[in-house]
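Below you'll find the structure, written out as structure tokens, and then a few comments.
The values are calculated or read from the model by the stated rules, or taken from the named source; none is laboratory data. Keep in mind that what you see is a predicted model, and the values were worked out from it rather than measured. Using ideal geometry, Cβ is built from the backbone for each residue, glycine included, and neighbour counts are taken over all protein chains shown.
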Amino acid sequence: MRAITDPLARILIVAIFVYTGISKLTHFDGTSHMIAEKGIPLAAVATAIAILIELGGAIAIIIGWQTKLAAAIQFVYLIFITVTYHKFWAAPPQLHDVQLINFLKNVGIMGGLLFLATRGAGASAVDSSPSRG
């Protein structure tokens with residue numbers, strides 16, 4: 001059963017990163033502008049790093065290659081993103097609930113990433129193939 005559930009869990013945990021990574025890649029200039037508006041220096045470099053972490057990390061986790069490292073990097077990245085972009089405590093009343101939901105969604109994803117970072121990819125992963133012994 002784990003041959004099915006482990007890769008499915010990896011896909012579900014990082015599905016949002018596949019989407020957001022592709023979106024950042026296809027809208028690079030707009031993403032860089034948004035990042036610059038948050039006061040983050042070297043916005044184009046930050047955008048490229050975000051794409052690498054989101055899309056590259058997601059692909060690594062999906063196939064189960066360097067899963068612990070990729071999940072740990074995404075976990076730390078998501079801490080920064082969550083407190084930078086989803087400040088429900090400082091949001092205007094009409095945005096409070098939306099920001100709180102996004103904050104809690106990220107916390108849930110962080111739980112899955114922490115699990116992967118400490119336990120690894122599980123079954124059906126490049127990391128667990130016999131030839132990598």
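Please go through the range 96-121 and give me each residue that is over 15 Å from the mean Cα position of the chain (by Cα) and within 20 Å of Ile16 (Cβ to Cβ), ordered by number. Break it down into steps so the answer makes sense when it comes.
In the first step, residues of the range 96-121 are kept if they are over 15 Å from the mean Cα position of the chain (by Cα); the result is 96-101, 118-121.
Across the range 96-121, the qualifying residues are Asp97, Val98, Gln99, Leu100, Ile101, Ala121.
Can you spot a residue in the range 15-26 that is more than 14 Å from the chain's Cα centre (by Cα), more than 30 Å from Ala123 (Cβ to Cβ) and of a type in the set (Val, Ile, Thr)?
Yes.
Suppose we keep only residues that are of a type in the set (Val, Ile, Thr) and surrounded by 13 or more Cβ atoms within 10 Å (Cβ to Cβ) within the range 12-36. Which one would you say is farthest from Ile63 (Cα to Cα)? Break it down stepwise before answering.
Looking only at the range 12-36, we keep the residues that are of a type in the set (Val, Ile, Thr), and these are 13-14, 16, 18, 20, 22, 26, 31, 35.
From the residues that got through so far, the ones that are surrounded by 13 or more Cβ atoms within 10 Å (Cβ to Cβ) too are 13-14, 16, 18, 20, 22, 31, 35.
Details: Ile13: 13, Val14: 11, Ile16: 16, Val18: 13, Thr20: 18, Ile22: 17, Thr31: 27, Ile35: 29 Å.
Looking at residues that are of a type in the set (Val, Ile, Thr) and surrounded by 13 or more Cβ atoms within 10 Å (Cβ to Cβ), I get Ile35.
Residue-by-condition table, conditions (1) at pLDDT below 95; (2) on the phi < 0 side of the Ramachandran plot:
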| site | (1), (2) |
| --- | --- |
| Ile4 | yes, yes |
| Arg10 | no, yes |
| Leu25 | no, yes |
| Thr31 | no, yes |
| Leu42 | no, no |
| Ala50 | no, yes |
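Of the conditions (1) among the polar types (S, T, N, Q); (2) more than 12 Å from the chain's Cα centre (by Cα); (3) closer than 30 Å to Met1 by Cα, Gln74 clears all except one; give me its number.
(2)
Count, please, the residues in the range 102-126 that happen to be surrounded by fewer than 17 Cβ atoms within 10 Å (Cβ to Cβ) and touching an Asp or Glu at 6+ places or on another chain (Cβ under 7 Å).
Matching residues across the range 102-126 total 2.
Would you list the helices (runs of 4 or more DSSP H) that sit entirely within the range 35-129 and hold 1 or more residues that are in contact with a Ser or Thr (Cβ under 7 Å, 6 or more places away or on another chain) and in contact (Cβ under 8 Å) with a residue 60 or more places away in the chain? If you could, list the steps in order and put the result at the bottom.
Numbers: elements: 43-51, 57-63, 67-85, 93-119.
Qualifying helices (runs of 4 or more DSSP H): 57-63, 93-119.
Quick grid of which residues meet (1) at pLDDT 95 or above; (2) within 19 Å of Lys38 (Cα to Cα):
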{"position": "Ala70", "(1), (2)": "yes, no"}
{"position": "Gln74", "(1), (2)": "yes, no"}
{"position": "Lys87", "(1), (2)": "no, yes"}
{"position": "Lys105", "(1), (2)": "yes, no"}
{"position": "Phe115", "(1), (2)": "yes, no"}
{"position": "Val126", "(1), (2)": "no, no"}
{"position": "Arg132", "(1), (2)": "no, no"}
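Okay, residues lined up against (1) small (Gly, Ala, Ser); (2) in contact with a strand residue (DSSP E or B) (Cβ under 6 Å, 6 or more places away or on another chain); (3) loosely packed, with under 14 Cβ neighbours inside 10 Å; (4) more than 18 Å from Ala9 (Cβ to Cβ):
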| position | (1), (2), (3), (4) |
| --- | --- |
| Gly39 | yes, no, yes, yes |
| Gly56 | yes, no, no, yes |
| Ala60 | yes, no, no, no |
| Gln66 | no, no, no, no |
| Thr84 | no, no, yes, yes |
| Trp89 | no, no, yes, yes |
| Leu100 | no, no, no, yes |
| Ser128 | yes, no, no, no |
